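Enquirer: Before we start, here is the structure in question, set down as structure tokens.
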Amino acid sequence: MNKTYLKNLISAMQFLTIIPVGKPEDFDPKGIVPLFPVVGIIIGIMLSLFDMVVTQLWPGHVAAVLDVVFLIFITGALHTDGLGDTADGLYGQRPRDKALNIIADFHGNYLTLKSDQIIFRFL
């Protein structure tokens with residue numbers, strides 16, 4: 001395993017999770033994107049281990065909710081944030097340029113809140 005690969009893997013972990021690995025450095029987006037599936041496998045292994053523990057302690061429906069909370073926590077809510085931004089941009093009945101600005105904005109609004117509520121309602 002070469003040094004660049006390891007540096008890119010650490011950068012990908014830092015980008016996609018809140019796991020404190022290595023010291024923060026500048027990263028090469030073209031170098032880390034191919035490693036996203038590797039980080040996904042690492043997160044999946046961590047989730048599997050977490051799930052093995054919680055299913056021994058609580059019923060299945062409680063364990064399922066805890067699994068989702070674990071994923072939201074470990075990824076820094078990256079996917080729920082993306083869902084909220086998408087809902088704001090696509091379903092906000094705005095012109096295309098305004099929708100893209102909304103997606104890029106980090107402040108949420110009603111549709112962000114509503115889409116996240118829908119996720120949690122089905123848990």
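The values are calculated or read from the model by the stated rules, or taken from the named source; none is laboratory data. Computed from a predicted model, the values in this text were never measured in an experiment. In this analysis, Cβ positions are derived from the backbone assuming ideal geometry, glycine residues included, and neighbour counts consider all displayed protein chains.
Enquirer: Give me a count of the residues in the stretch 93-109 that are modelled with pLDDT under 70 and either part of a loop (DSSP other than H, G, I, E, B) or small (Gly, Ala, Ser) (or both).
Expert: The qualifying residues number 6.
Enquirer: Can I ask one more? For the list (1) more than 24 Å from THR80 (Cα to Cα); (2) without any contact (Cβ under 8 Å) to a residue 12 or more places away in the chain, I need the number of the one condition that GLU25 fails.
Expert: The single condition GLU25 does not satisfy is (2).
Enquirer: Here's another thing I want to ask about it. Can you say whether VAL21 is in a helix (DSSP H, G or I) and of a type outside the set (Lys, Arg), as far as the supplied structure shows?
Expert: Spelling it out, it is not the case that VAL21 is in a helix (DSSP H, G or I) and of a type outside the set (Lys, Arg).
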